[in-house]
Every structure is written in C-alpha cells, then in structure tokens.
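Remarks on the structure that follows.
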Amino acid sequence: MITGYSDRLSARPRQTIRFMVSTNNSSLELELVQLHRGAPDLLETAWGGNKMATIPGREQPLCPGSYGLVEDWDFAGGEDSSFTIGVWAFPTLLKSEPQAILATEDGLELGFVDHGVVYFRVGTTKLRLPEGLPTHRWYHITVRQNESGLQLRVRTHATDLSGIDVDVQAVAKASLKCQKTALVIASCGDQKNHFNGKLSDPCIFDRWLDDAECEGLANDVSGDKILKSALAAWDFSKDRSGKMLISIGTGSKDGILVQLPVCNVTGPHWRGQCNNPSEQPRLYAAIHFHEDSLSDAGWEPDFEWTVPDDLSSGIYAAKLIAGDETYYLPFAVLPPKGTSTAAVAVLMPTFTYQAYANEMRDVNGLNCLYDHYTDGSSVPLTSHLLPMLNLLPHESLYRNTNGDAFSRNLSADLSLLYWLTRMNVAFDVLSDHHLHNEGGELLSPYEVVITGSHPEYVSGQILDGIEAFLQTSGSLMYLGGNGFYWVTDMSDDGAVLEVRRPNGTRPSTSEPGESFQQLTGELGGLWKDRGRPPQKLTGVGFIAQGWTSEDRCGLAQPYTVSDLAVGPAYSDLFAGLQSGDSIGAFPSAGLGYGAAGDEIDCVDPKKGSPAQTKILATANGFEKEYRPAIETQTQIHNRSLDLDDELIRADLAWIDLASGGAIFSTGSINWISSLCYNDCENSVSAITLNAIKRITRPK
C-alpha cells in the first residue's frame, strides 16, 4: 500500500514542495507527471524526459488524538503533602479502556475507565467511583488530600437536575511530587488513552480546599476568584484558536495544544446567555478533545522538488509506483507572481478538495468535513498535512443510483483542463489557497476566471477577490453547482480549513452556541446568512441535490433552451440551437443522460440575482432523488415531497456587468463532466466555448 501527502497543494516557480510517503514496499518508482484529464479517460504526460527515480520505501504511522502538553512541570509535594486537583469534564464517549483527563509522565493519572467510572491513581495509590457516569453532561471532579486521607469527588453542575454527587475516600496517602515532568491534558503520559469530550478549568492547588472553597472553585465563572490562586491553572478561554494553553496559576507555565482540538465550544457555565465567544469568553472556557483528531501527520519528507522557472501552469503530480499499484500526490502550479501567460484563468477549488478529502474512507484520524469523530460529534477542521485518499485523478467511491462510478472534484475538474486544451484556449491554473492569500491581485492579469465544478467552500478573502475582479471589468464563468456556499476559514500556515455548520444543507449540525469559528472568531455557517448569497455573485444559488441516504446520486437531466435563443442578443452563444432545443442531451461522465445533475443552482431575484440576469436555459424534470435544499423550506407538510416542485431546476444564466465584464453560470456540478462527450463535439462544449469567445472578444 502507498499513501502520502505534500506540504503544498499549489506552488509557483522556485517554490519547493516536500512530499511525505508511507508504504510497505521496500522501494518505489517516482515519476513527475502533468495531469491533463481525469478518469475514466486518464491522460498524463511525464515531465523531465520520462526520467524515473527509485526512492526507498518505509512505513510512517498515523498517530491521531488531540491533547494539551505542559513541559517541565514541577510540583514540590510529597507523601504527606496536601493538594487539590480540580477540573470540569464533559465525557462524550464511553469506553472500557482508560481515557485520561490529566496525567504526568511519572505516574499521576485522572480520568474515566470501564464505561464512565472516574478513577485517580498516583503510583500504587488508587481511587475509583463505584459506578459509571452517563455521557454528555458536565461533571466537576476534585481530588484532594490532607492529613486525614485522600478523597475523589464528582458532582454535576448545580443546574443539572440529575443531581449526581458522589465521593470515595481512602486512608492511604498519595505521594504527589512531580519534578521536570510533562503534564498532559486529555491523554496519558505516553500520549495514548485519549479523552473524548470537553474539559474546562484544570487546576492544581498545593493545599487542601475545604468544602466551601471547592464549591467556589466549581462556580468560579469569571476565573478571577479562587481559580487564579491555584499553583497551576489554565484558562481555555484565553486562546481559543487551538494552539496554546494559557496559564493563569501562580506557579504554572503555558502549554501547547497538539493535533488541533476543537475550541470555541461551550463550557460548564454556558446556558445560552450569549452565542458569541468574544462577548463572554469565560462561558467558552472549554476544549473538545478527540482520540481521532489529526491536523498534522508529522511524517518525515521522502523527497522534495523545486518548481522550475520554465514550467507551464497546470496540474502536476508526484506519481508513485510499486508493482501494479500507483498513487498520485497532485498539486497546482501557478505562473510566477504578478504574471500571466493567458487571458483565461482556471480557479481550482482546492478548498473544496480539502473539505472532501477522505470522504467515505474509514481510516482512524483521516477525517473530512463530512465525517463525525468517534464520539459522534461534527468534524469542523480539516488539514492537508496528512494523506488525502481521494485527491486523485481516479474515479473515487461516488456512485449514481444505477451503481455506476462517476468522477467528482479534482478528477472531474481535470476534464475542464483537457477541454480547454482541445479547444486551443490558453489558460493558467490558480488555486483557492493562493486567492485567499493574495486576493484580487491574483486575478487582475486575466480577462476571465473559470471555476471548477464545485467551489462550495470559500473564505471571505476569496469572495472579496472575485468581487474586486468583477468590479474592474473582469468576467466569471461559474461552471459548477452548490458554489460559494459555506463560510470557510484557513489557518495562518495554510494547512487547516474550518467550517461550522449551524444551518444549511449539511452532514451534521454544530452544537448549540458553537457557531463561531476558532481560527478567526467569525460566525460560521452559510454565506447566505452573512448577507453574501451566491446569487449576488453568480446570479444562481444552490437549490437542490440528488443524493440519497445511501450516498448514491440521482441521474442528470438536459437543459431546455429559453426563448432568448431566437433573439439577436445571444445568437452567438446559441449558434445552431433554437428555443426549446436541448443542451447536454447525451450521456455525461457517470450521471446518466444530461448535463444538469448532482447539485444544482437556479436564479432567484429575492436572494440577490442581479436584475439583469438572463436565464438562457433550464433543466427540470428530475427524479425523486432530487430534493430542495433544507434552507429553502420553513415547514414540513404534505407538499414537501412533491416531484413537480418548480424550485428543483438548474438555470443556465448570463449577466452583463456595468463594469464591462460578464458572468456565465451553469448551475450544475455535472456541466464540466459533460464537456468532453463525443471528443468535445457537443452542445455543452459549443456553448461553453461560445461564452469564452463572447467574453474575450474585443470590446
């Protein structure tokens, strides 16, 4: 088996890409290739004169699990010394194996075991509750010792009507003496036995807290009362980005967070008082840890490659071969910064590729934004510093309702690059990651920017860049569906994307109060609910999808040309077609007969489609698999499943802009997968080429 990843999804000349590989083969053949077309008609050419190198193979493990780490921690206690340990815990997964909440390398451990039993041990001294506790409620756990002995106490929050309050005691003393050791939060000392759930306000006192003080500690909402007097304490509201543990204790140090746990989550004292962590941070002084969280596989690089100065822009890959097995590590190559080689740019939706990475794969730690963590909670974070098993030019695991495989995302978008080459249209390749960082400056050298088939995940910086481009005579060809939909943030290092989902048509829902993103503090969810619906940008917006509960996609439909085809205004677009004729009335690459399918968009003036938006063609008549997007419905009633819903349609639209540019939108993910039918001699191909010519013709 071969897997791997690179430290960049896109690069410019003179930038170096590092590649990390894991394999059980003793050696691999390495070839650098340019990808021209994806499955089912994969087309590639070797770069560098068919040179192939041999590299040694080695296995590199995945080590998922998020935790906190405070290095070189000291506690100058002893066998007879007094202490109190406190922490709020919200377990989300019951297991027979230990799940450590706090641990040190020299033997202290507090956590859950045996399906919810709280335990504490130091050396040979052990305490545990007699019974397991249920998940998904907050427990304040204290362990304290004085001359009388050792006590472990667990109680629910005062507002929790379950009223759990239980303790166990032992006469035996615990020797809590730690010197220059690592204190680990949400894992044990060897970073195993990961805790699944939320933690808040871990603290250690070098004295016995009496009952009143323990009560005060549990109810220290502000953190400015007894919590700050602890020898060691960490306030998780001080840095909600997922990077640091900020110490507020009198003798503790800051720590780091590993494998990016989920922050900006509600703590034990949150009762809906506010939904924005920035307004009352202490209500969000919690972190959600998971045993299968992974933001950086941390593998050693096996080879690296510096992009040559004279390499043409396009999609390339490091191709790894062992026997009959091949594995690709794709990346986009842009032209040198500030330059262009063509009037046309293809904006590869690398944010969407990363969001869907490892979808339908069942590998511990390789989660995408459509997965759930082991404890059942939503996955809001995805990284490209780990294997992305479906970022390949091959057909993936996607099937239509007939059981046929079809391509999506990168594999499908390669058809656009092949088609442009066949049509003799020169182009450069750009990426979402670069547009996020460089804004409108990246697009300014071009006359027209063409999207991929599914630019679903975009940041505010990406939207700003496209809007600035359109306001300065640029043109946009949106050749996809369900685009510009989710508020997406990127980490400063460009590796991690974040999406919270309080609304919209979604695989899971963010927990109440957890709609603000940790990377930026911005409100997550749909761009529509932030006042930036896709209809304002492209004229069309997501309206329906054809996916079943079995992850099968309904078959496509052709478009019917509108009456605009018979007039002179758009005759150049519809050369050879008349009103009522069909567009895409032929087999697409996987979704059956038609160019409109998968996820589809339509024009809606109420949602922001510009007044000058013209509907050139419409596809309707979709089968029962196609249902309206959840956000289009306010009630469920006896008409909710009607098959003749007029909203279930894909619109082909044109917008002439006051700036001198134009927008051409297809409203279908499946449009690009129809371009190459019959060796690119078809109606979808003809209209797309006519649109490019119309946009780039002399003004």
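The values are calculated or read from the model by the stated rules, or taken from the named source; none is laboratory data. Fair warning: this is a prediction, and the values are worked out from it, not measured in the lab. With ideal geometry, Cβ positions are generated from the backbone for all residues, glycine too; neighbour counts draw on all protein chains shown. The accessibility values were calculated without ligands, DNA or RNA, using every heavy atom of the protein model including side chains. Shrake-Rupley method; radii C 1.70, N 1.55, O 1.52, S 1.80 Å.
General remarks:
- Evaluation of residue 388 against the conditions (1) of a type in the set (A, V, I, L, M); (2) open to solvent by 20 Å² or more (accessible area, probe 1.4 Å); (3) within 22 Å of residue 29 (Cα to Cα) shows that the sole unmet condition is (2).
- So residue 108, is it over 24 Å from residue 320 (Cβ atoms), surrounded by fewer than 19 Cβ atoms within 10 Å (Cβ to Cβ) and touching a residue at least 60 places away in the same chain (Cβ under 8 Å): no
- Residue 553 falls short on exactly one of the conditions (1) open to solvent by less than 50 Å² (accessible area, probe 1.4 Å); (2) farther than 14 Å from residue 400 by Cβ; (3) hydrophobic (A, V, I, L, M, F, W, C); (4) out of contact with any helix residue (DSSP H, G or I) (no Cβ under 7 Å at 6 or more places or on another chain), and that condition is (2).
- Identity of the residue in segment 556-594, β-branched (Val, Ile, Thr) and either free of Cβ contacts under 8 Å to residues at least 24 places away in the same chain or more than 11 Å from residue 687 (Cβ to Cβ) (or both), that ends up most open to solvent (accessible area, probe 1.4 Å): 566
- Verdict on residue 163 being closer than 25 Å to residue 511 by Cβ and free of Cβ contacts under 8 Å to residues at least 24 places away in the same chain: yes
- Among (1) open to solvent by 70 Å² or more (accessible area, probe 1.4 Å); (2) part of a loop (DSSP other than H, G, I, E, B) - the single one residue 256 does not satisfy: (2)
- Answer residue from segment 8-24, given it is in contact (Cβ under 8 Å) with a residue 60 or more places away in the chain and open to solvent by 50 Å² or more (accessible area, probe 1.4 Å) and is farthest from residue 327 (Cα to Cα) among those: 14
- One residue stands out among those in segment 179-200 that are among the charged types (D, E, K, R) and open to solvent by 50 Å² or more (accessible area, probe 1.4 Å): the one that is modelled with the highest pLDDT, which is 192.
- Condition check for residue 521: in a loop (DSSP other than H, G, I, E, B), modelled with pLDDT of 95 or more and buried (at least 21 other Cβ atoms within 10 Å of the Cβ): no
- Identity of the residue in segment 179-232, more than 39 Å from the chain's Cα centre (by Cα) and part of a loop (DSSP other than H, G, I, E, B), that ends up nearest to residue 252 (Cα to Cα): 206
- Single condition residue 263 does not satisfy, out of (1) closer than 20 Å to residue 89 by Cβ; (2) open to solvent by 10 Å² or more (accessible area, probe 1.4 Å); (3) in contact (Cβ under 8 Å) with a residue 40 or more places away in the chain: (2)
- Scanning segment 197-254 for residues that are touching a Lys or Arg at 6+ places or on another chain (Cβ under 6 Å) and among the aromatic types (Phe, Trp, Tyr) yields a single hit, 208.
- Set 137, 121: member being open to solvent by 30 Å² or more (accessible area, probe 1.4 Å) and either among the aromatic types (Phe, Trp, Tyr) or over 22 Å from residue 292 (Cα atoms) (or both): 121
- Spans of strands (runs of 3 or more DSSP E) in segment 281-337 with at least 2 residues open to solvent by less than 20 Å² (accessible area, probe 1.4 Å), at pLDDT below 95 and farther than 26 Å from residue 496 by Cβ: none
- Once segment 48-59 is narrowed to residues that are in a loop (DSSP other than H, G, I, E, B) and surrounded by fewer than 17 Cβ atoms within 10 Å (Cβ to Cβ), the residue that is nearest to the chain's Cα centre (by Cα) is 59.
- Boolean, residue 445 is open to solvent by 10 Å² or more (accessible area, probe 1.4 Å), in a loop (DSSP other than H, G, I, E, B) and within 25 Å of residue 648 (Cα to Cα): no
- Residue in segment 373-384 that is of a type in the set (Phe, Trp, Tyr), closer than 22 Å to residue 44 by Cα and at pLDDT 95 or above present: no
- Candidates 229, 252, filtered to the one that is touching a residue at least 60 places away in the same chain (Cβ under 8 Å) and among the polar types (S, T, N, Q): 252
- Residue count for segment 129-163 under the criterion of being hydrophobic (A, V, I, L, M, F, W, C) and modelled with pLDDT under 95: the result is 3.
For (1) closer than 16 Å to residue 380 by Cβ; (2) open to solvent by 10 Å² or more (accessible area, probe 1.4 Å); (3) part of a helix (DSSP H, G or I), each residue gets a yes or a no:
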site: 449; (1), (2), (3): no, no, no
site: 454; (1), (2), (3): no, no, no
site: 464; (1), (2), (3): no, yes, yes
site: 468; (1), (2), (3): no, yes, yes
site: 481; (1), (2), (3): no, no, no
site: 484; (1), (2), (3): no, no, no
site: 492; (1), (2), (3): no, yes, no
site: 500; (1), (2), (3): yes, no, no
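- Within segment 153-173, considering residues that are of a type in the set (Asp, Glu) and part of a strand (DSSP E or B), the one surrounded by the most Cβ atoms within 10 Å (Cβ to Cβ): 167
- Looking across segment 1-28 at every residue that is part of a strand (DSSP E or B) and polar (S, T, N, Q), the one that is farthest from residue 56 (Cα to Cα) is identified as 10.
Condition check ((1) within 26 Å of residue 517 (Cα to Cα); (2) open to solvent by less than 10 Å² (accessible area, probe 1.4 Å)) across all residues:
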{"residue": "202", "(1), (2)": "yes, yes"}
{"residue": "221", "(1), (2)": "yes, no"}
{"residue": "225", "(1), (2)": "no, no"}
{"residue": "231", "(1), (2)": "no, no"}
{"residue": "236", "(1), (2)": "yes, yes"}
{"residue": "273", "(1), (2)": "yes, no"}
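- Qualifying residue in segment 603-623 (condition: touching a Ser or Thr at 6+ places or on another chain (Cβ under 8 Å), surrounded by 24 or more Cβ atoms within 10 Å (Cβ to Cβ) and under 25 Å from residue 531 (Cα atoms)): yes
- Criterion: open to solvent by less than 60 Å² (accessible area, probe 1.4 Å), in a strand (DSSP E or B), on the phi < 0 side of the Ramachandran plot and in contact with a Ser or Thr (Cβ under 9 Å, 6 or more places away or on another chain) - qualifying residue of 127, 176, 150: 150
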